[in-house]
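Participant: So that we are looking at the same thing, I have put the structure below in structure tokens.
The values are calculated or read from the model by the stated rules, or taken from the named source; none is laboratory data. For clarity, every value in this text was computed on a predicted model and none was experimentally measured. Cβ placement follows ideal geometry from the backbone for every residue including glycine, while neighbour counts extend to all protein chains displayed.
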């Protein structure tokens, strides 16, 4: 158990809908990263937050957004969902500073029908 | 643009054998190179990591070899066990850019008893 929790574990929805994925980082970790894992694109970095502020952005679609709250949990919002958004979404957390280890959560499996 | 290329995509090794996975990177600004292990239904977990000022790092049965001039690094799994059957991902990151991970495509390893 990495100490990172993600909910829900599975999500089935329809095209055009909006969903919210939630992540709670390890106790004490200030950085949260979101990654998408799909068969065709592999594991791709989406976005990073550090202590509530956006730190880095990757190949995140404009239909997707995220935020990190004062209690450090993070949410990834996916809207106007398309079939191609079906994937595993992972959250990872790390302690800022010299330590670069990112601890991954169990993921949320999203299926868009 | 795939910045980290990983090979092979899959490999089968007998119990007790050596598994070797190779990665090549393009961006010379990368300064941290971790390997992650992922079991089905789980999030990636850090296995071992290396920085470019070191040519080799060993932890138990796992060894990373790093060739900075060739921009290549590899994972060796010695005395492979059936419990090592998993997907392995190499990755690279830049500390100054927030340590977002750029992953290779993954290698599915099957260790036959």
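Participant: Is it true that residue B:57 is touching a residue at least 60 places away in the same chain (Cβ under 8 Å) and touching a strand residue (DSSP E or B) at 6+ places or on another chain (Cβ under 7 Å)?
Facilitator: Working: touching a residue at least 60 places away in the same chain (Cβ under 8 Å): no; touching a strand residue (DSSP E or B) at 6+ places or on another chain (Cβ under 7 Å): yes.
No.
Participant: Can I ask one more? Taking segment A:73-95 as the region of interest, how many residues are touching a strand residue (DSSP E or B) at 6+ places or on another chain (Cβ under 7 Å) and exposed (fewer than 15 other Cβ atoms within 10 Å of the Cβ)?
Facilitator: Quick first cut of segment A:73-95, residues touching a strand residue (DSSP E or B) at 6+ places or on another chain (Cβ under 7 Å) only: A:73-78, A:81-83, A:85-94.
This time we only want the ones that are exposed (fewer than 15 other Cβ atoms within 10 Å of the Cβ), so: A:77, A:82-83.
So the count comes out to 3.
Participant: Can I ask one more? Only residues that are in contact (Cβ under 8 Å) with a residue 24 or more places away in the chain and assigned to a strand (DSSP E or B): list them for segment A:48-88, please.
Facilitator: Of everything in segment A:48-88, those that are in contact (Cβ under 8 Å) with a residue 24 or more places away in the chain and assigned to a strand (DSSP E or B) turn out to be A:49, A:50, A:55, A:66, A:68, A:74, A:75, A:76, A:77, A:78, A:87, A:88.
Participant: Give just the number: which of (1) away from chain A (no Cβ under 14 Å); (2) closer than 26 Å to residue A:1 by Cβ does residue B:13 not satisfy?
Facilitator: (2) is the only condition that residue B:13 fails.
Participant: Which of the residues belonging to segment B:77-113 are under 21 Å from residue A:33 (Cα atoms) and not in a strand (DSSP E or B)?
Facilitator: Within segment B:77-113, B:94, B:95, B:96, B:97, B:98, B:99, B:100, B:101, B:104, B:105, B:106 meet the criteria.
Participant: Pairs please, first residue from segment B:96-108 and within 7 Å of chain A (Cβ to nearest Cβ) and in contact (Cβ under 8 Å) with a residue 24 or more places away in the chain, second anywhere and buried (at least 22 other Cβ atoms within 10 Å of the Cβ) and part of a loop (DSSP other than H, G, I, E, B), Cβ atoms under 7 Å, 6+ apart in sequence or on different chains.
Facilitator: Pairs found: B:101/A:102.
Participant: Is it the case, given these coordinates, that residue B:77 is surrounded by 17 or more Cβ atoms within 10 Å (Cβ to Cβ), more than 14 Å from chain A (Cβ to nearest Cβ), modelled with pLDDT of 95 or more and under 25 Å from residue A:90 (Cα atoms)?
Facilitator: no
Participant: Separate question: Give segment B:49-69 a look and list any residue that's within 11 Å of chain A (Cβ to nearest Cβ) and either buried (at least 17 other Cβ atoms within 10 Å of the Cβ) or under 14 Å from residue B:102 (Cα atoms) (or both), or say none.
Facilitator: Filtering segment B:49-69 for residues within 11 Å of chain A (Cβ to nearest Cβ) gives B:49, B:51.
Passing the criteria: only B:49.
Participant: State which residue pairs qualify: first residue away from chain B (no Cβ under 14 Å) and inside segment A:1-19, second residue surrounded by fewer than 12 Cβ atoms within 10 Å (Cβ to Cβ) in any location, beta carbons under 7 Å apart, and separation of 6 or more residues or different chains.
Facilitator: From segment A:1-19, the pairs are A:12/A:113; A:14/A:113; A:15/A:83.
Participant: What about residue B:82, is it at pLDDT below 95, over 16 Å from residue A:101 (Cα atoms) and more than 8 Å from every other protein chain (Cβ to nearest Cβ)?
Facilitator: Considered against the rule, which asks whether it is at pLDDT below 95, over 16 Å from residue A:101 (Cα atoms) and more than 8 Å from every other protein chain (Cβ to nearest Cβ), residue B:82 comes out as no.
Participant: While we're here: Hey, does segment A:25-36 have a residue that's surrounded by fewer than 13 Cβ atoms within 10 Å (Cβ to Cβ) and more than 9 Å from every other protein chain (Cβ to nearest Cβ)?
Facilitator: Yes, some residue in segment A:25-36 is surrounded by fewer than 13 Cβ atoms within 10 Å (Cβ to Cβ) and more than 9 Å from every other protein chain (Cβ to nearest Cβ).
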